[in-house]
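Shown next, in structure tokens, is the structure this report addresses.
The values are calculated or read from the model by the stated rules, or taken from the named source; none is laboratory data. Everything numeric in this text was worked out from a predicted model, so none of it was measured. Cβ coordinates were reconstructed from backbone atoms using ideal geometry, including for glycine residues, and neighbour counts include every protein chain displayed. Side chains included, ligands, DNA and RNA excluded: accessible areas come from the protein's heavy atoms. Shrake-Rupley method; radii C 1.70, N 1.55, O 1.52, S 1.80 Å.
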Amino acid sequence: MQRHNTPRVEKQGKRIMQKISKGFYLGSIYGGYLGFFVLMVGGFIIMISGGLFDSYYYQDEEIILVGGVLIFLSFIPLIYSTVMWCILTYKLWVVIQDTTNRATPGQAVGFMFIPFFNIYWMYQAIWGWSVDCNKHIKEKGIICPPVSEGVPLAYCILMCVGAIPFVGYLTGIAALILMIIWQNESINAANTIIEKQ
């Protein structure tokens with residue numbers, strides 16, 4: 001019996017990668033973010049309705065506890081989203097490893113967890129993938145539209161600017177939209193490269 005999630009399949013005697021499922025990864029990543037947001041906001045609303053910040057009237061500790069549990073549970077979809085983001089980033093880097101790259105798939109993901117260094121590395125792992133992918137397409141002579149290099153660069157800049165207090169509220173939504181655009185385009189390019197192998 002063939003496993004559904006086999007990372008590589010045989011095609012005319014040559015081992016190639018399976019295509020990346022856009023619906024699964026984008027749905028998992030952004031569905032998880034949505035779940036986190038809904039549970040977090042819902043938890044805060046419930047805690048406030050239970051009188052959390054009301055020092056003059058009776059506080060309903062049970063309602064406040066329910067809100068606290070929802071806030072705690074909100075981190076489950078957030079962790080799931082983060083894991084799926086890491087897996088997708090890893091898979092994207094695997095696709096272009098035939099040429100000289102600035103990073104291996106493991107480095108691309110792993111270095112993002114190094115404090116402070118990850119600010120620099122974000123540019124290499126995200127914007128750098130687009131640059132290296134376009135180089136890969138050109139070197140291999142693959143007929144594929146080039147991946148935008150401006151979108152991931154703008155995303156990285158917005159994420160850095162978003163670290164400034166209160167500015168992040170303004171840049172966060174724009175950064176999220178840019179990341180969705182970049183991941184959609186990147187998956188399309190990666191799948192085209194896989195097909196042409």
Tell me the angle of helix 128-140 to the major Cα principal axis of the chain, expressed in degrees between 0 and 90 and rounded to the nearest ten.
20
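For the range 112-156, which chymotrypsin sites (Phe, Trp or Tyr not before Pro) are both in a DSSP coil and crowded by at most 12 other Cβ atoms within 10 Å?
Phe116
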Rounded to a whole %, the carbon-and-sulfur portion of the accessible area of the chain at a 1.4 Å probe is 68
Most positive-pole-ward Cα, Pro152, Gln197, Ser74, against dipole of the chain from beta carbon charges:
Gln197
What is the percent of Cα-Cα separations in the range 54-143 that go past 19 Å?
57
Specify the angular offset, from 0 to 90 degrees and rounded to the nearest 10, of the alpha carbon long axis of helix 75-95 from the longest principal axis of the alpha carbons in the chain.
10
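Give, rounded to the nearest 20 debye, the magnitude of the charge dipole that the range 117-197 has about its Cα centre when Lys and Arg contribute +1 at Cβ and Asp and Glu contribute -1 at Cβ.
Details: 4 positive and 5 negative charges, 18 e Å.
I would put it at about 80 debye.
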Between helix 61-73 and the chain, what is the angle of the helix's C-alpha long axis to the longest principal axis, kept within 0 to 90° and rounded to the nearest 10?
10
Which whole-Hz ³J(HN,Hα) couplings does the range 20-29 yield from phi under the Karplus relation 6.51 cos²θ - 1.76 cosθ + 1.60, θ = phi - 60°, glycine and proline marked x?
7, 7, 4, x, 5, 6, 5, x, 5, 5
Given a cut-off of 17 Å, what percent of all Cα-Cα pairs of the range 106-196 lie beyond it?
54
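Taking every eigenvalue of the Cα gyration tensor of the chain, multiplying by 5 and rooting it, what semi-axes result, largest first, whole Å?
Details: eigenvalues 315, 84, 34 Å².
Result for the chain: semi-axes of 40, 21, 13 Å.
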Would you mind getting the accessible area per residue of the chain, heavy atoms of the protein chains only, 1.4 Å probe, in Å²?
60
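Please give the charge dipole size of the chain, origin at the Cα centre, charges +1 on K and R Cβ atoms and -1 on D and E Cβ atoms. Round to the nearest 20 debye.
On the way: 13 positive and 11 negative charges, 263 e Å.
Once rounded to the nearest 20, the dipole reads 1260 debye.
Would you count, across the chain, every pair of lysines whose alpha carbons are under 12 angstrom apart, provided the pair is eight or more residues apart or spans two chains?
5
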In whole angstrom, note down how far apart the Cα centers of the range 128-172 and the range 97-115 are.
15
If exposed trypsin sites (Lys or Arg not before Pro) are those in a DSSP loop with at most 16 other Cβ within 10 Å, what is the longest stretch of the chain that has none?
103-197
